Amino acid sequence: SSGINAEYTFAAHMDGVYLYCFSNQMSTMTPKIVMFSMDIGDAPSDATNEGEDEASHNKPEDMIKELSTALTGVKHEQEYMQVRDRIHRAINENTNSRVVMWSFFEALVLVAMTLGQIYYLKRFFEVRRVV
């Protein structure tokens, strides 16, 4: 799927080797960074034939599994935010260094233009005597 922050969940029904293919069909002019994480979890259990006593016994265990899944999701989101922070920090530092270099170049051009104008005006108003 396309998008900046796309999330895709895939449940494998068979054991084996799976391949991931990524495409850049939407915009081939600019490079893209693809980040993904893969979680391998247990298959969901079918709790339809269990008795009432076993359901109440497994309820805390199910709640713990659900909490663990939510905590893993929060951990992955935090890692993603750290990566984004690093990328944006690098972009900001690069932009900042470019601005600083450009301002030094502008200051150098300004000083050169000032000196050139002073030299030109001195020569313009210089009194020339013909003997």
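The values are calculated or read from the model by the stated rules, or taken from the named source; none is laboratory data. Bear in mind that the values here come from a model prediction, so they are computed numbers and not experimental data. With ideal geometry, Cβ positions are generated from the backbone for all residues, glycine too; neighbour counts draw on all protein chains shown. For accessibility, only protein heavy atoms count, side chains too; no ligands or nucleic acids. Shrake-Rupley method; radii C 1.70, N 1.55, O 1.52, S 1.80 Å.
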### Task
Could you compute the FRET efficiency for Asn96 and Thr9, with r as their C-beta to C-beta distance and R0 at 30 Å, rounded to 0.05?
0.15
### Query
With every protein chain present, what is the per residue accessible area of the stretch 57-131 (1.4 Å probe, Å²)?
100
### Query
Excluding same-chain residues fewer than 8 positions from Lys59, which lysines have a Cα within less than 16 Å of its Cα?
none
### Query
Stokes-Einstein at 20 °C, 1.002 mPa s, Kirkwood radius from Cα pairs: D for the stretch 66-131 in µm² s⁻¹?
124
